[in-house]
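Written below as structure tokens is the structure these notes are about.
The values are calculated or read from the model by the stated rules, or taken from the named source; none is laboratory data. Here the structure is a predicted model, which means the values were calculated and not measured. Positions of Cβ are generated from backbone atoms using ideal geometry, with glycine treated the same way; all protein chains shown enter the neighbour counts. Each accessible area value is taken on the protein alone, full model and side chains, heavy atoms only, with ligands, DNA and RNA left out. Shrake-Rupley method; radii C 1.70, N 1.55, O 1.52, S 1.80 Å.
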Amino acid sequence: MLRPVALMCLLLSADGQASTGVRNSAGNLLLSCPEGNHITARIGTTDVHLDELPSLSLSQANASGEAVRTAMLSITDGLQANISQLRQDTRDNVSHISAVIGHLEDTISILANTTIPGLDGGLRNVNSSVNNARATIRDQGVTIAQLLNTTRHTDAQLNLAKSAIEEAATCAATGQHYNYSTRSCSGGQTPLLGAPDWESEWFWMQSNSGSAATTYKELTHGLGTADLDVVKVVAMYKGGNARLNGNVLEGLGSQPCDDDNSNGCNEHGGFIYGYDATRLRMWLPEQNNGPRNGHTFMFQDGWGAGLMNMQSDGPPNDPIFYKAYIWRSYRRGSQPDYNATFLMRTNSAALTRQERAYNFNQLPERVSVTVTALGGNNRGFTFPARGASLADNDRSKQYGGLVFAYNENNTRIWAPSSGNGRIIAINDGWGGERNSAAETAGMVTVKAWRQRTPPHYASEWSYMCSNCNGSCTAVNRNLAYRRVRHGLGTLPARVQVQTRYVNAWDRYAMYASSGNFNAMMGYIFEGQGGGNDDEHNQRTGVQFVYDDEFVSMYAPVRNNGQSTGRILGVVDGWGGAVWNVGIQCAHTRVLAWKN
């Protein structure tokens, strides 16, 4: 019996000989069946034999690998369409022959009931002829049934081939070969990021020390480019709180607030970093002209309902250590599937919000949003965006940064749109005012990668809730804290905390018109490593920390201040009030990759 791929080559030509090929409108050869009945796809100057899937291995998931994958899927789709048409034509022929036989049998039946003299002999001849025809059709029917069965088998094989192409591309993205027999990757898996192109040593810093020497730091990475896919700076707590010893949080790109109580800021937490082509700078909270309310770790007052809470500046007897990592590429030797750069500006109706479409039709594996300063002390430095607004614009507080959210096809970005909001804000209470920043404009870059590298750990989507007031007293405050075990046995190379809302019960309308609520349904807002306490008014987001076994997440709650914190959203003072939303309860999940 012919192999399905060999049969397809025969079907491609009318005379049963090997096809000379299928060409596109430009005359380029796309598909050929050379001697030996291989089905061969030509991508540029490369021939790919679809009948040799057991040895299929895309060298890497880069632009050319994606082109091969897309072309191969297109070819298999085309072959399946041809198979479907052949099957239908065969069925039509069978139906036509059956109709003729039925008509002859009806005629014989009519003649058998007549009494016209002399007809008996002729009738017997006709009946014999019909019986012969019926026998012949039965033989033909066996052949047709075999053909239909073969086309069904071929169609099934093509479906397997399409699955194998997708699986092989996934294996290639992690540097592995694809074994068609076992339908699995083989060989040593390339880590998600691989060895960093640059990394610092662990070093000690202390927020609110009274000295810029421990609250500001500049490192030299010397890579010669600021076009870097992954820059990660972490702070690890190594103090006396045994439950959280060894946990890390990741840095922010702009301040959640300043150090002034009079404008609505109070206790706040996190640290800030930015980088250019050769340097990386870090800022920790430090008193300027207000109280010492900033802390590196601050998820105590107003976070997580009192579960696994802590607050620390990292003094020598309760230290916090820091480390920076840089990778030029998210996946070695590859480029983002989407990459766009554009201007955004605060307090400008048209430029305080942007929507960019990558049209993946599935959630991206990763979205990166950064902003690069156009002037000031940090001209040319790039700062990461975050997944929550953290603060509003009330009482002239100094706040800033960019917020982003994304779904299967779009990324939306918000900049501060009123008051003292800045697109890059590092001033009045950060780093001893060394190289401070209050920028109103910057060049924003959005990069997105398709799903190709499955996480080593993925939790289920589960509910978490921010604090209640009188309208939602049935919500359990314990839902403001969640801890999951990733079980990797080492600090993950990448942790992603995702939040989203997907139905009307998630909605809390204090900050959301129905239009805004519907417009942001299904969008992912990511967690971050900093926030403000409950003396602040409208604040949003989920803080998270992680160690080599667990990820802990904290939603806003009321402790001794306000109950206006929300687990998810972008609130007053961002994006000109377009797509603004504040959500009481949301679905959360954790994804983690090891290196």
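Looking only at residues in region 441-458 that are of a type in the set (S, T, N, Q) and open to solvent by less than 60 Å² (accessible area, probe 1.4 Å), the one that is modelled with the lowest pLDDT is T453.
Looking only at residues that are surrounded by fewer than 20 Cβ atoms within 10 Å (Cβ to Cβ) and hydrophobic (A, V, I, L, M, F, W, C) in region 492-528, which one is modelled with the lowest pLDDT? That would be A509.
Across region 269-293, the number of residues qualifying as assigned to a loop (DSSP other than H, G, I, E, B) and in contact with a helix residue (DSSP H, G or I) (Cβ under 8 Å, 6 or more places away or on another chain) comes to 3.
Each residue in region 546-595 was checked for being open to solvent by 20 Å² or more (accessible area, probe 1.4 Å), of a type in the set (A, V, I, L, M) and under 9 Å from S466 (Cα atoms), and 0 of them qualify.
Residues in region 351-369 include none that are at pLDDT 95 or above and more than 23 Å from A519 (Cα to Cα).
Take region 291-309 and flag every residue that is open to solvent by less than 10 Å² (accessible area, probe 1.4 Å) and of a type outside the set (S, T, N, Q). Residues satisfying the conditions are G294, F297, M298, F299, G302, W303, G304.
Here is a yes/no grid of residues against (1) surrounded by 21 or more Cβ atoms within 10 Å (Cβ to Cβ); (2) charged (D, E, K, R):
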residue	(1), (2)
E365	yes, yes
S368	yes, no
V371	yes, no
F383	yes, no
R386	yes, yes
V403	yes, no
N407	no, no
G421	yes, no
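Does R366 satisfy the condition of being of a type in the set (D, E, K, R) and farther than 16 Å from G401 by Cα? Judged against the criteria, R366 is a match.
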